[in-house]
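K.L.:
The following block contains the structure, expressed as structure tokens.
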Amino acid sequence: MLDKAYDPKPIEAKWLELWHEARLFRSVPSGNPDKFTIVIPPPNVTGALHLGHALNNTLQDVLIRWYRLHGYETCWVPGTDHGGIATQNVMERQLKAEGKSRHELGREKFLERMQSWTRDCKKTILGQLRRLGCALDWDREAFTMDEPRAKAVFKAFQGYWDSGLIERTELMINWCVRCGTALSDDEVEYEERKGALWHIHYPAESGGKGLIVATTRPETMLGDTGVAVHPSDERYRGLIGKKVRLPLTGRLIPVVADDQVDPSFGTGAVKVTPAHDRNDYEIGRRHKLPSMTVIGRDGHILPECGVSAYAGLHRDEARKRIVADLENLGFLEKKEDYKHSVVVCYRCGQTIEPLVSMQWFLHQERLAPKTLEAFDGGRFRISPDNWAKPYRDWLSKIRPWVISRQIWWGHRIPVWYCSGCHGSDITHVGGEPVYHGRARKGDYGIVVSWEKPSRSCENGHSASWIQDGDVLDTWFSSALWPMSVFGWPDGGEQLRYYYPTQVLVTGYEILYLWVARMQMSGIEFLKAPPFSQAIIHGIVRDKSGKKMSKSLGNVIDPLEMMEKYGTDALRFALILQAHPGRDIPFAEDSILGSRNFANKLWNSTRFVLMNLPDSPSSGAYRLESLSHGGLELADRWILSEYQKAISKARDRMKERNVAAAADALYEFLWDKYCDWYVELAKIRLQGADGPSKEAVRAILIQVLSGMLKLLHPFMPYITEELFSALKPYSEDGSDFLYRARAPETAFDWSNPQAELAMAALTEMVDSLRSLRAQLNIAPGLKLRVCAAASGDGARRLIEDHSGYLNFLARLESIEFWDGGTRPPQSATAVSSQATFFVPLKGLIDFAKEKIRLEKELSKCQSELQKIAAKAENKEFLARAPQAEIETARSQYESAKARLGRLKDTLAVLAQS
RNA sequence: GCCCAGUUGGCGCAGCGGUAGCGCGCUCCCUUGACAUGGGAGAGGCCAUAGGUUCGAAUCCUAUACUGGGCACCA
């Protein structure tokens, strides 16, 4: 027998072990044409999983298990991502705590430490995924930096190189001075910050007035190579083409006219620093201004800046000094407060330094059109579709992607330079040769190779190859994930069977960074989008909508929640709130609700088991063996509701509304099955053995086990446990629910009449219960009541189901009151189809009863008013659809009848 | 600045053309042979504002105001 309350811990541990032993989630290419494959968004190996991961993976698990239940060959591929900068940052923080730096350690030692960290971290993450119940095919575990994935990266790089889509060249990029690397446009964020606008006087060459520029970054003036004004700006017309003198350095720089300048902003004159600002870079190009780099990669002023006093200063320090010097020398006209957005690194939050830099670029602007075409052609969809437009826009104005990173943790760029050919472009940094030049397909002395080339170069230099020192952006390997996990670039059965996959589940924050990149890679190399649908979910936030972060102290640890409330409760709580297109404000309370639901499931199964014979006769409880004729109202009603709930859940799942699907099951189980059917079943279960008792048992078992199957994707552990207890009585002998068949709905149980009849009866019960509560009638006291039905149908309904009413409303008996005077000294429960008189001689406070009825009367009146406004409206009757009119009419009639009876009752009460 | 969401009882959210729903919280009653992680009964909302379409609007349209997000710009 089951315990009184559900205790998740031992049960989760048990099934975890059994699933694992059975290698339950293993998938092999089969003949099944219905495939459902998902590749996991590989978590970065930066630490433990957070609540966002719990949501992401629960959603995937629900889908996988759901499709498996419905007969699909499912495959869910687990894995982790090396995580590039993010992971390297974690390690650097560790080293810093030990008082070391990666440079002291050296590349090789550093990478060894990274490897060992990665091993531990993978173990943690995969263990957490397992604990979460994820039906991942553990035999397929992949890592973005393991050998097969490295091969894929090489192959992709080579492919792009051969098509001329990859080159090493000098362009403006985002440079993070903290992380010491270039970043793509998608790896930076904008942040509103309070700053200042400094107005600086640039005198004319002749020593005349010149002009005043406004800037937020005075320190970059050392690299100014021009000043731009709007061509039609009257104030500066005379200066265009002339030169002004740059304060502090004394350099002469030209004034140019450019449309990009907004004459109404600041002073209408812009200093142009092509090397340190994206716009200035464009202006500089248009006017052939030289580019002068004055801030180095470490964020310090370079000696080449022209003023030795500033050389070596950090950019922030330099700003202070320069502003002070300008002020002292009288060049600073004014400083105003100014709020503007600054570009920051998405990994460390430091202000980005735009730099012109020699980097590797992938010309994804040439890949995007085909991807866009696939999207517009419907070969790939995004759900919910409000992300479709931003996705399109991103693809439409895509720029070259900087793929090189100046870090150590990642796939080393597989390009080799011949030091014989390129000696002049090679310097030694920290004892290692580093290439500084450009590179593209067809250049001599440059090859793409998996290993160090053994042959000599075109010019006959032998064995003098050096490898590029940079590594690839972590997203470069992530972009290949749906291909590489199935063995690409080797073709093979796996790739043929599983590629393309069906869905990808991820958060919107990596839609461009990752989803779009995968689409581009898949279409480029395998001519097919890697998945036909991306399901985008929201971010898990705290209850007030704030992002969870360690610094805010509002983080909820999934593991802790699983310990405290059980894994199923956590999963269900997340799912119930994962409404498509919305973020999830999450509070611990919500897990409590789901924990309670798990307990409800547990106890309803416990109840059913308590009412079954000890030794089941096999197959005795098949639903199919029940005929409509042998069932009573409650049976026909619950089967009808059951069928409705199933089809609703299935529809919602098709729409990818997992929350609504879960809600439909929750509502059915609790509000229909437990609250009404189980209660009514007690009548027969407490009675004598016989066919009727067997029928109610069959329905209790079958409906419950069907629910356990359908809930299994959401709450895998508890359902597995309960199903196994119920299995001896069930027709489905599957060893695990993962292998079970979905509940059949071949037989049509839909029964609107039963639903109507039950609705009438429950309304009667409600009215009686309400009366009892309000008159403080002791719960244990059984009442003898008189009933006046509104018609023959209603009377028959009450007669036939007096057992239901007696049991649910705690009645001793029901007698019919056929006209004549009212039963004396009685309270009255009025519902649409009946009035119940509850004679309680001496027990009723008539004043109280009058108040109660008056209140009900006024409620009923306002209800009637609303319906009457509709049902009596000529326009409505003339134009509304017939079915609508029918409904309104019957609603009107029943409200009117009820009102009439309430009035009669009050009138009688007034006399007594 | 452009675009997209959101604005529904104390809190968090569903509903998205036909008498306002759920969970939590709150009030009262109940340890009745599944479950107090429970049962029963209640209180609480003119569905942001203003117009419009419609027989009928929380639901569709158009503005406005907040809130959040995406994109661009901010010298």
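K.L.:
With both partners inside the range A:778-912, how many of the DSSP beta bridges are antiparallel, as a percent to the nearest 5?
P.N.:
Numbers: 9 of 14 bridges.
The answer is about 65 percent antiparallel.
K.L.:
Taking the Cα atoms only, what angle lies between the long axis of helix A:567-577 and the longest principal axis of chain A, rounded to 10 degrees?
P.N.:
80 degrees
K.L.:
A further question follows. Using 0.36 nm times the number of residues separating A:Leu877 and A:Leu18, minus their current alpha carbon distance, what extension gain do you get?
P.N.:
Details: separation 859, 0.36 × 859 = 309.24 nm, distance 6.38 nm.
Gain in length upon complete extension: 302.9 nm.
K.L.:
Here's something else I'd like to know. Report the Stokes-Einstein translational diffusion coefficient (µm² s⁻¹, integer) for the range A:729-768, Rh taken as the Kirkwood radius over Cα pairs, at 37 °C with viscosity 0.692 mPa s.
P.N.:
Calculated translational D: 243 µm²/s.
K.L.:
What's the FRET efficiency of A:Glu333 with A:Leu171 using the Cβ-Cβ distance as r and R₀ = 30 Å, to the nearest 0.05?
P.N.:
0.30
K.L.:
Note down the Stokes-Einstein diffusion coefficient of the range A:682-797 in µm²/s, whole number, using a Kirkwood radius over alpha carbon pairs, 20 °C, and 1.002 mPa s.
P.N.:
Numbers: Rh = 18.0 Å.
Answer from the Stokes-Einstein relation: 119 µm²/s.
K.L.:
For chain A, find the longest principal axis of its Cα atoms and tell me its angle to the long axis of helix A:846-871, 0 to 90°, nearest 10.
P.N.:
The helix A:846-871 is inclined about 60 degrees to chain A.
K.L.:
Could I ask something else about it? Quote to one decimal, in nm, the extra length available between A:Asp7 and A:Ser734 on full extension: 0.36 nm per residue of separation minus the C-alpha distance between them. Walk me through the numbers before you get to the answer.
P.N.:
Working: separation 727, 0.36 × 727 = 261.72 nm, distance 2.40 nm.
Length difference between fully extended and current span is 259.3 nm.
K.L.:
Considering only A:Gly780, A:Val703, A:Met610, whose Cα is most displaced toward the positive end of the charge dipole of chain A, charges sitting on Cβ of Lys, Arg (+1) and Asp, Glu (-1)?
P.N.:
Of the options given, the answer is A:Gly780.
K.L.:
In addition: Enter the accessible area per residue of the range A:651-789 (Å², integer; probe 1.4 Å; all protein chains in place).
P.N.:
Per residue, the range A:651-789 has 37 Å² of solvent-accessible surface.
K.L.:
Dipole of chain A, Cα-centred, from +1 at each Lys and Arg C-beta and -1 at each Asp and Glu C-beta, to the nearest 20 debye?
P.N.:
960 debye
K.L.:
Want the number for A:Gln94 to A:Val555: 0.36 nm per residue separation, take away the alpha-carbon distance, what's left? Mind showing how you got there, number by number?
P.N.:
On the way: separation 461, 0.36 × 461 = 165.96 nm, distance 2.17 nm.
Once the chain is fully extended between A:Gln94 and A:Val555, it gains 163.8 nm.
K.L.:
On to the next question. Which residue, A:Gly223, A:Trp175, A:Gly210, has the largest displacement toward the positive end of the dipole of the range A:130-259 when charges sit on each Cβ (Lys, Arg +1; Asp, Glu -1)?
P.N.:
A:Gly210
K.L.:
Can you list the trypsin sites (Lys or Arg not before Pro) in the range A:495-604 that are in a DSSP coil and have 16 or fewer other beta carbons within 10 angstrom?
P.N.:
Counting only loop positions with at most 16 other Cβ atoms within 10 Å, the trypsin sites (Lys or Arg not before Pro) in the range A:495-604 are A:Lys527, A:Lys543, A:Lys546, A:Lys550, A:Arg582.
K.L.:
Then there's this: Place +1 on the Cβ of every Lys and Arg and -1 on the Cβ of every Asp and Glu in chain A, take the dipole about the Cα centre, and give the residue among A:Asn89, A:Ser264, A:Ala759 whose Cα lies farthest towards its positive end.
P.N.:
A:Ser264
K.L.:
Restricting to DSSP H runs of at least four residues, report the calculated mean residue ellipticity at 222 nm for chain A, -39500 (n - 2.57) per run over all residues, nearest 500 deg cm²/dmol. Mind showing how you got there, number by number?
P.N.:
On the way: 28 runs with 374 residues, N = 912.
Value at 222 nm, helices only: -13000 deg cm²/dmol.
K.L.:
Where both partners of a DSSP beta bridge lie in chain A, what percent of those bridges are antiparallel, to the nearest 5?
P.N.:
70 percent
K.L.:
Which value, in Å², gives the accessible area per residue of the range A:804-912 when a 1.4 Å probe is used on the protein heavy atoms?
P.N.:
58 Å²
K.L.:
What's the center-to-center distance, using Cα atoms, between the range A:694-732 and the range A:338-390 in Å?
P.N.:
For the range A:694-732 versus the range A:338-390, the Cα centre distance is 48 Å.
K.L.:
Mind putting a number on the dipole of the range A:692-842 about its Cα centre? Charges go on the C-beta only, +1 for Lys and Arg and -1 for Asp and Glu, and I need it in Debye to the nearest 20.
P.N.:
On the way: 15 positive and 17 negative charges, 128 e Å.
Computed charge dipole of the range A:692-842: roughly 620 debye.
K.L.:
In whole percent, how big is the carbon plus sulfur part of the accessible area of chain A, probe 1.4 Å, protein atoms only?
P.N.:
Here it works out to 49 percent.
K.L.:
For the range A:765-800 and the range A:479-523, what is the separation of their C-alpha centers, rounded to whole Å?
P.N.:
Their Cα centres are 63 Å away from one another.
K.L.:
Distance between Cα centroids, the range A:836-912 to the range A:629-692: provide it in whole Å.
P.N.:
31 Å
K.L.:
Can you give me the accessible area per residue for the range A:256-336, using a 1.4 Å probe, in Å²?
P.N.:
53 Å²
K.L.:
Taking the Cα centre of the range A:36-102 as origin, work out the dipole magnitude from +1 charges on Lys and Arg Cβ and -1 charges on Asp and Glu Cβ, in debye rounded to 20.
P.N.:
Values: 6 positive and 5 negative charges, 42 e Å.
It comes to approximately 200 debye.
K.L.:
By how many degrees, 0 to 90 and rounded to 10, does the Cα axis of helix A:882-911 deviate from the longest principal axis of chain A?
P.N.:
The helix A:882-911 is inclined about 50 degrees to chain A.
K.L.:
Tell me the Rg and the Dmax, in Å, that the Cα atoms of the range A:1-114 produce.
P.N.:
Radius of gyration, then largest Cα-Cα span, for the range A:1-114: 20.5, 64 Å.
K.L.:
Can you compute the radius of gyration and Dmax for chain A, using only the Cα atoms, both in Å?
P.N.:
Using the Cα atoms of chain A, the pair Rg, Dmax is 37.3, 121 Å.
K.L.:
Turning to a different aspect of this structure: Grab the beta carbon distance between A:Glu112 and A:Val28, set R0 = 45 Å, and tell me the FRET efficiency rounded to 0.05.
P.N.:
Efficiency, from the Cβ-Cβ distance: 0.80.
The values are calculated or read from the model by the stated rules, or taken from the named source; none is laboratory data. On a predicted model such as this, the values are computed, not experimentally measured, just so you know. With ideal geometry, Cβ positions are generated from the backbone for all residues, glycine too; neighbour counts draw on all protein chains shown. Each accessible area value is taken on the protein alone, full model and side chains, heavy atoms only, with ligands, DNA and RNA left out. Shrake-Rupley method; radii C 1.70, N 1.55, O 1.52, S 1.80 Å.
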